[in-house]
Amino acid sequence: MRKMLTIISNVLRGSASRNGAELVSEGARVVVSARTYADFTPQASFDIKKCDLHKLEEGPPQQAVLTREEGLQYYRTMQTMRRMELKADQLYKQKIIRGFCHLYDGQEACAVGIESGINLSDHLITAYRAHGYTLTRGGTVREIMAELTGRRGGIAKGKGGSMHMYTKHFYGGNGIVGAQVPLGAGVALACKYQGKNELCVSLYGDGAANQGQIFETYNMASLWKLPCIFICENNKYGMGTSVERASASTDYYKRGDFIPGLRVDGMDVLCVREATKFAAEHCRSGKGPILMELQTYRYHGHSMSDPGVSYRTREEIQEVRSKSDPISLLKDRMLSNNMASVEELKEIDIEVRKEIEDAAQFATTDPEPPLEDLCNHIFYNDPPLEVRGTNPWSKLKSVS
């Protein structure tokens with residue numbers, strides 16, 4: 001009996017010793033981890049590509065300061081956009097998302113850079129490739145994914161789909177090519193009229209750049225000195241047509257003629273941010289509109305019906321991915337300057353993937369909007385007007 005008690009005592013003592021060692025080891029790991037995080041570079045300066053200028057004596061700085069917190073936030077947001085678009089692609093191929101759908105992967109630095117250079121109280125309007133801007137303007141991944149699947153919890157209550165998403169100070173998502181540009185000038189006119197020192201960013205693609213209404217808008221914006229940043233996201237192809245085949249001049253930043261312009265590396269989030277800050281200061285100082293051309297690239301086709309490889313080669317796409325990917329560029333900068341660790345960025349990747357999967361689960365299980373909601377959310381606050389003695393809510397009775 002005494003021998004058995006001795007054995008049990010030794011086992012317990014050994015177990016306690018091992019547990020203690022494990023606790024010490026865990027504590028040491030926490031201390032090392034804390035020391036490592038404390039050793040991260042809090043901020044660093046980076047050389048960025050010089051912008052081409054039109055009717056400007058000087059442009060944005062050629063150096064950008066990035067803090068560790070900013071870098072991590074930019075990385076998370078761009079990864080969220082990328083993963084969200086890849087999930088949308090998957091759901092579309094499963095026929096869960098239907099209709100028009102234009103993906104933004106490859107162009108993430110544009111949306112994140114622009115948003116970092118303006119305020120949330122400023123205004124933004126874009127074309128139909130709108131998922132990324134819906135996110136940066138304050139929409140959630142759940143709301144965006146549910147809108148893509150036409151569910152009640154979508155950001156437009158399941159009625160807008162891919163091309164028509166809205167949040168506060170974000171006016172879509174517009175399906176008519178180029179039509180959002182004059183609308184953006186109208187928002188800029190309201191900014192000037194109300195005197196709040198706000199501005200409007202009006203975005204369009206190289207495919208819309210030859211639209212007549214865009215040039216009419218340039219003229220009015222310049223005449224009235226509207227606080228409007230016109231931004232052409234030049235992703236090299238308008239649907240399946242290269243810019244060289246579509247435009248006699250591909251210097252889109254000069255298209256404003258009498259409006260100053262910048263040509264910016266749209267694959268570098270810091271380059272876009274600094275250019276946007278410069279453009280915003282130009283507008284807020286009362287100098288009128290300014291034009292930016294962001295040279296970027298989309299990895300997917302124009303829309304889901306476009307495989308994206310009939311007018312360009314797979315090698316071309318792969319070369320851009322390997323040399324100019326906006327997420328990889330930011331990641332390499334942060335790692336090479338000790339602003340983050342590989343493990344930390346991997347942890348962000350895991351969290352983003354989980355967020356996307358949770359959102360996709362919600363988007364496929366949330367109910368569709370009920371039929372009685374069909375005519376709701378049309379008028380902002382007033383009751384509907386009666387037209388020919390009726391309105392969409394009237395219960396009509398046949399008298400025949």
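The values are calculated or read from the model by the stated rules, or taken from the named source; none is laboratory data. It should be emphasised that the depicted structure is a prediction, and the values quoted were computed from it without experimental measurement. Here the Cβ is made from the backbone with ideal geometry for all residues, glycine too, and neighbour counts use every protein chain on show. These area figures cover heavy atoms from the full protein model, side chains too; ligands, DNA and RNA do not enter into them. Shrake-Rupley method; radii C 1.70, N 1.55, O 1.52, S 1.80 Å.
Worth a mention:
- Members of the range 308-337 that are acidic (Asp, Glu), within 20 Å of Met81 (Cβ to Cβ) and part of a helix (DSSP H, G or I): Asp332
- Qualifying residue in the range 341-352 (condition: open to solvent by less than 40 Å² (accessible area, probe 1.4 Å), in a loop (DSSP other than H, G, I, E, B), closer than 30 Å to Leu72 by Cα and in contact (Cβ under 8 Å) with a residue 24 or more places away in the chain): yes
- Hits in the range 353-377 (condition: over 28 Å from Arg68 (Cβ atoms), part of a helix (DSSP H, G or I) and in contact with a helix residue (DSSP H, G or I) (Cβ under 8 Å, 6 or more places away or on another chain)): Ala360, Phe362, Ala363, Thr364
- Strands (runs of 3 or more DSSP E) (entirely within the range 20-98) containing at least 1 residues that are among the β-branched types (Val, Ile, Thr) and at pLDDT 95 or above: 63-67
- Among residues of the range 229-247 being of a type outside the set (A, V, I, L, M) and out of contact with any Ser or Thr (no Cβ under 8 Å at 6 or more places or on another chain), the one that is most open to solvent (accessible area, probe 1.4 Å) is Arg245.
- Among the criteria (1) more than 23 Å from Gln90 (Cα to Cα); (2) out of contact with any Pro (no Cβ under 8 Å at 6 or more places or on another chain); (3) of a type in the set (A, V, I, L, M, F, W, C), the one Met239 does not fulfil is (1).
- Looking at Lys225, Lys196, just one residue is over 22 Å from Glu115 (Cα atoms), assigned to a loop (DSSP other than H, G, I, E, B) and not small (Gly, Ala, Ser), and that residue is Lys225.
- Restricting attention to the range 43-52, the residues that are touching a residue at least 40 places away in the same chain (Cβ under 8 Å) and open to solvent by less than 90 Å² (accessible area, probe 1.4 Å) add up to 5.
- Within the range 223-269, tally of residues that are at positive phi and touching a strand residue (DSSP E or B) at 6+ places or on another chain (Cβ under 8 Å): 1
- Identity of the residue in the range 304-340, within 14 Å of Met267 (Cβ to Cβ), free of Cβ contacts under 8 Å to residues at least 24 places away in the same chain and open to solvent by less than 60 Å² (accessible area, probe 1.4 Å), that ends up farthest from the chain's Cα centre (by Cα): Ile317
- Which listed residue is open to solvent by less than 10 Å² (accessible area, probe 1.4 Å) and over 19 Å from Gly132 (Cα atoms), from Leu183, Leu189, Leu203, Leu226: Leu226
- Filtered by the rule that a residue be closer than 24 Å to Ile350 by Cα, open to solvent by 10 Å² or more (accessible area, probe 1.4 Å) and acidic (Asp, Glu), the range 84-125 gives a lone residue, Asp89.
- Pairs, first in contact (Cβ under 8 Å) with a residue 24 or more places away in the chain and farther than 29 Å from His102 by Cα in the range 169-198, second open to solvent by less than 10 Å² (accessible area, probe 1.4 Å) and among the aromatic types (Phe, Trp, Tyr), C-beta under 7 Å, six or more apart: none
- Only a single item in (1) assigned to a helix (DSSP H, G or I); (2) over 17 Å from the mean Cα position of the chain (by Cα) is not met by Thr134, and it is number (2).
- Complete set of residues in the range 275-303 that are farther than 22 Å from Phe215 by Cβ, in a helix (DSSP H, G or I) and open to solvent by less than 20 Å² (accessible area, probe 1.4 Å): Ala275, Thr276, Ala280
- Of all residues in the range 206-223, exactly one satisfies the criterion of being open to solvent by 40 Å² or more (accessible area, probe 1.4 Å), over 20 Å from Arg129 (Cα atoms) and among the small types (Gly, Ala, Ser), namely Gly212.
- Enumeration of residues in the range 148-188 that are within 30 Å of Lys225 (Cα to Cα), β-branched (Val, Ile, Thr) and part of a loop (DSSP other than H, G, I, E, B): Ile176, Val177
- With respect to the stated conditions, Thr250 fails to be crowded, with 21+ Cβ neighbours inside 10 Å, of a type in the set (Ser, Thr, Tyr) and either more than 20 Å from the chain's Cα centre (by Cα) or in a loop (DSSP other than H, G, I, E, B) (or both).
- Residues within the range 53-64 that are in contact (Cβ under 8 Å) with a residue 24 or more places away in the chain and within 14 Å of Asp268 (Cβ to Cβ), tallied: 3
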